[in-house]
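Peer 1: Sharing a structure below in structure tokens format, with a few things to ask.
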Amino acid sequence: AKRLGGQTLVNFDQALGERISERQTLIHDLKAALDTDQLSLYLQPIVEASKQSIDHYEALLRWQHPTRGMIGPDIFIPLAEETGLIHPLGNFVIKQACTLLAALPETQGLAINLSAHQLVDPALYSNITEALLEANVSPSRLTLEVTESALMQNATEAKILLERFHELGVTLALDDFGTGYSSLAYLNLFPFDTLKIDRSFVNQLGSVKDSQPIISTIILLARELDLRVTAEGVETEAQAFLLKELGCHALQGYYFGRPSPLEDLALPLTH
Ligand code: C2E
Ligand code: CA
Ligand code: CA
Ligand code: CA
């Protein structure tokens with residue numbers, strides 16, 4: 001048994017070693033990706049529930065790796081956060097989003113995701129204002145999406161920063177609402193305009209663990225607090241219909257469109 005245990009340990013070490021060097025390789029590649037045009041923003045439409053017209057887009061980061069193909073943000077954002085690469089990467093997103101905004105019709109906006117590390121970066125505010133100025137884009141067309149867990153890490157500082165963005169006229173959205181901490185106090189404490197219901201609730205609409213009572217309650221609460229509600233992860237017509245009936249202001253999900261590069265977007269409002 002002892003020998004067997006030892007062998008298991010050796011195998012485990014080997015596997016761990018491989019994972020670590022795999023990680024190092026990806027980090028190395030990610031650094032290169034920033035300098036060589038491998039990163040790009042895909043846009044996913046967020047649709048006005050009442051009119052079924054595009055309200056704005058969410059910008060989602062994609063990495064076209066030279067040998068591994070397309071890598072999603074769930075893989076490389078955590079690596080970027082651990083290594084500090086999130087700062088140049090975040091700035092790429094900010095600049096690119098403002099460039100895209102300049103190319104979109106003026107009636108449409110764009111949302112970007114901010115990670116917890118960016119919320120404590122003293123340069124974030126000026127990075128965003130400078131990018132907006134340079135692209136000659138109104139701050140009101142930009143939405144910043146942050147999660148509750150990102151706010152938790154430094155609530156006092158985050159509150160001051162978000163208030164400055166609010167003053168500037170930027171739209172603020174609380175992302176993934178209902179997952180993780182879900183402290184209702186946060187809703188009132190920060191100057192949010194929009195609450196995004198996490199797609200795990202939308203998934204469970206009409207299932208055995210029906211989430212409809214939860215969604216209804218979130219929408220009621222949001223209305224009391226004068227917040228707009230966006231539902232994420234809408235995949236079927238039935239979900240879209242029900243969410244609109246329940247009072248969601250905006251809907252986002254594969255049913256309305258997958259994230260895609262700007263050139264692949266059908267832009268109904270441009271012509
Ligand atoms: P998120 O902000 O919650 O973004 C929504 C995710 O749901 C996206 O995954 C999107 O492609 C996916 N999605 C949209 N509609 C549907 C649907 O109908 N069904 C399903 N199953 N999924 C749907 P994606 O693009 O892989 O992004 C994952 C996460 O990575 C994002 O979650 C966000 O937290 C993070 N992320 C993406 N881009 C950036 C970025 O530029 N900066 C930072 N800091 N994080 C980013
Ligand atoms: Ca988001
Ligand atoms: Ca989300
Ligand atoms: Ca998420």
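The rows are residues; the columns are (1) closer than 20 Å to GLN118 by Cα; (2) within 16 Å of ligand 3 (Cβ to nearest atom); (3) not in a helix (DSSP H, G or I).
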{"residue": "SER21", "(1), (2), (3)": "no, no, no"}
{"residue": "LEU34", "(1), (2), (3)": "yes, no, no"}
{"residue": "ILE46", "(1), (2), (3)": "no, yes, yes"}
{"residue": "LYS51", "(1), (2), (3)": "no, no, yes"}
{"residue": "THR67", "(1), (2), (3)": "no, no, yes"}
{"residue": "ILE75", "(1), (2), (3)": "yes, no, no"}
{"residue": "ALA97", "(1), (2), (3)": "yes, no, no"}
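Peer 1: Can you tell me which residues in region 104-153 are of a type in the set (S, T, N, Q), more than 14 Å from ligand 2 (Cβ to nearest atom) and either in a helix (DSSP H, G or I) or touching a helix residue (DSSP H, G or I) at 6+ places or on another chain (Cβ under 7 Å) (or both)?
Peer 2: Once the filter is applied, which keeps residues that are of a type in the set (S, T, N, Q), more than 14 Å from ligand 2 (Cβ to nearest atom) and either in a helix (DSSP H, G or I) or touching a helix residue (DSSP H, G or I) at 6+ places or on another chain (Cβ under 7 Å) (or both), region 104-153 yields SER126, ASN127, THR129, ASN136, SER140, GLN153.
Peer 1: Related question: Consider region 19-61. How many of its residues are among the aliphatic types (A, V, I, L, M) and open to solvent by 80 Å² or more (accessible area, probe 1.4 Å)?
Peer 2: Counting residues in region 19-61 that are among the aliphatic types (A, V, I, L, M) and open to solvent by 80 Å² or more (accessible area, probe 1.4 Å) gives 1.
Peer 1: Quick check on my filter: what residues within region 180-198 are open to solvent by 50 Å² or more (accessible area, probe 1.4 Å) and away from ligand 2 (no atom under 16 Å from the Cβ)?
Peer 2: Within region 180-198, TYR181, LEU184, ALA185, ASN188, LEU189 qualify.
Peer 1: Can you find, within region 122-162, the residue that is least open to solvent (accessible area, probe 1.4 Å) among those that are more than 14 Å from ligand 3 (Cβ to nearest atom) and acidic (Asp, Glu)?
Peer 2: GLU157
Peer 1: Give the residue that is most open to solvent (accessible area, probe 1.4 Å), with candidates limited to residues of region 204-229 that are closer than 14 Å to LEU174 by Cα and within 16 Å of ligand 3 (Cβ to nearest atom).
Peer 2: ARG228
Peer 1: OK, next. Restricting to region 84-95, name every residue that is over 23 Å from ASP193 (Cα atoms) and within 16 Å of ligand 2 (Cβ to nearest atom).
Peer 2: Of everything in region 84-95, those that are over 23 Å from ASP193 (Cα atoms) and within 16 Å of ligand 2 (Cβ to nearest atom) turn out to be ILE86, LEU89.
Peer 1: Determine which member of the set PHE165, PHE201, PHE177 is more than 29 Å from PRO139 (Cα to Cα) and either exposed (fewer than 13 other Cβ atoms within 10 Å of the Cβ) or touching a residue at least 12 places away in the same chain (Cβ under 8 Å) (or both).
Peer 2: Among PHE165, PHE201, PHE177, only PHE201 is more than 29 Å from PRO139 (Cα to Cα) and either exposed (fewer than 13 other Cβ atoms within 10 Å of the Cβ) or touching a residue at least 12 places away in the same chain (Cβ under 8 Å) (or both).
The values are calculated or read from the model by the stated rules, or taken from the named source; none is laboratory data. Being a predicted model, the structure only gives us computed values, none of them experimental. Heads up, the Cβs are rebuilt from the backbone with ideal geometry, glycines too, and the neighbour counts pull from every protein chain shown. Calculation scope for accessible area: heavy atoms of the full protein, side chains included, ligands and nucleic acids excluded. Shrake-Rupley method; radii C 1.70, N 1.55, O 1.52, S 1.80 Å.
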